[in-house]
Protein chains: 6
Amino acid sequence: MPVVNVALWKGNTTDQRRQLVTELTDSVARIANCPEEAVTVIVTEVETDHWGKGGRLASEL
Amino acid sequence: MPVVNVALWKGNTTDQRRQLVTELTDSVARIANCPEEAVTVIVTEVETDHWGKGGRLASEL
Amino acid sequence: MPVVNVALWKGNTTDQRRQLVTELTDSVARIANCPEEAVTVIVTEVETDHWGKGGRLASEL
Amino acid sequence: MPVVNVALWKGNTTDQRRQLVTELTDSVARIANCPEEAVTVIVTEVETDHWGKGGRLASEL
Amino acid sequence: MPVVNVALWKGNTTDQRRQLVTELTDSVARIANCPEEAVTVIVTEVETDHWGKGGRLASEL
Amino acid sequence: MPVVNVALWKGNTTDQRRQLVTELTDSVARIANCPEEAVTVIVTEVETDHWGKGGRLASEL
């Protein structure tokens, strides 16, 4: 049942995404008392020139 | 007024997306009693190595 | 696998939400060639004074 | 920088949400190599009659 | 066409939301060269004990 | 704290995104009474053949 969306800057390796999926699924399933099978994790990688932080493009920080 | 976001695995054709937009707009407009013109549908296609299912990357299931 | 988010104005009955879930799941599963069991639909009902349309609060249109 | 949205069924305690925030922040910060301070976690609790699973309202499963 | 989602802590007045809708619609329509009528703004107010910042619940900062 | 997601059709320049980030951050920080540093803006550019408007693909309007 739980759906986890993670938005972060582009540039992560497949290993990093695999680790994110493994750890976030474990935490959410354990804490929310549901089977891991029910957990969806979507990793949205965003270009830094499409991300604003403190009023500036993250590509220009 | 309604905004529909559909996140699914990458690999759909334009025909499939056209059909999704047509059917989802029809259902939502009819059920929510609003004009079709008011319905927005956004199709987000996600790489399977950015999607976690049951604790594993969907690209490695 | 597919996750469908529907954001619309508050005020729908359980019957309307049931019908939304039934029809959207049927369309998405059929078009995306996946089992209905894999489809998640989240209905987000929004107060009209939390929704802007054409620069005005929907509660004040 | 990372923004984590967790959508799950309503009914979690503050302790559970605290634990979710603690663990998800730790994992994301460590894996994405960013300070914990930069991580935002939003927990969206959804009524089961606003959540569709396999074509049915979760409240009616 | 543009859809703007603003997630922020609960506690804003209708005036604040009206002002958000007015200003965000104006900026997006002008910058993206589309009519204001086409812009949707959804304001999602989140309880501080459903929001994590730096690994802690915002209600406990 | 506030997180602003802007979904719009692909085709905007870096200047347009910079201006969006600047103006939306200014408005949200001022109206929600928080430091600009706390505001995140994510610009999601969507292909017009992934966007439905009034039941049709925006690429075919």
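Summary table
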quantity: Which listed residue is within 10 Å of chain D (Cβ to nearest Cβ), without any contact (Cβ under 8 Å) to a residue 12 or more places away in the chain and of a type in the set (S, T, N, Q), from C:THR14, C:THR25, C:THR44; calculated: C:THR14
quantity: Among residues of the range C:12-48, those that are under 17 Å from B:ASN12 (Cα atoms) and outside any helix (DSSP H, G or I), counted; calculated: 4
quantity: Given (1) at the interface with chain A (Cβ under 8 Å from one of its Cβ atoms); (2) at positive phi, number of the condition F:GLY55 does not satisfy; calculated: (1)
quantity: Subset tally (residues that are more than 7 Å from every other protein chain (Cβ to nearest Cβ) and either of a type in the set (A, V, I, L, M) or closer than 30 Å to F:ALA29 by Cα (or both)) for the range A:28-38; calculated: 2
quantity: Hits in the range A:1-27 (condition: surrounded by fewer than 18 Cβ atoms within 10 Å (Cβ to Cβ) and closer than 13 Å to D:ALA32 by Cα); calculated: A:LYS10, A:GLY11, A:THR13, A:THR14, A:ASP15, A:GLN16, A:GLN19
quantity: Residue ID - farthest from B:THR25 (Cα to Cα), chosen from residues in the range F:1-11 that are in a loop (DSSP other than H, G, I, E, B) and at pLDDT 95 or above; calculated: F:PRO2
quantity: Odd one out for C:ALA58, checked against (1) under 15 Å from the mean Cα position of the chain (by Cα); (2) crowded, with 16+ Cβ neighbours inside 10 Å; (3) not polar (S, T, N, Q); calculated: (1)
quantity: Of all residues making up the range D:1-43, the number that are polar (S, T, N, Q) and in contact with a Phe, Trp or Tyr (Cβ under 7 Å, 6 or more places away or on another chain); calculated: 0
quantity: In the range A:28-55, residue surrounded by the fewest Cβ atoms within 10 Å (Cβ to Cβ) [restricted to those that are under 17 Å from the mean Cα position of the chain (by Cα) and more than 21 Å from B:THR48 (Cα to Cα)]; calculated: A:THR48
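The values are calculated or read from the model by the stated rules, or taken from the named source; none is laboratory data. Everything numeric in this text was worked out from a predicted model, so none of it was measured. Here Cβ is always computed from backbone atoms with ideal geometry, including for glycine, and neighbour counts include all displayed protein chains.
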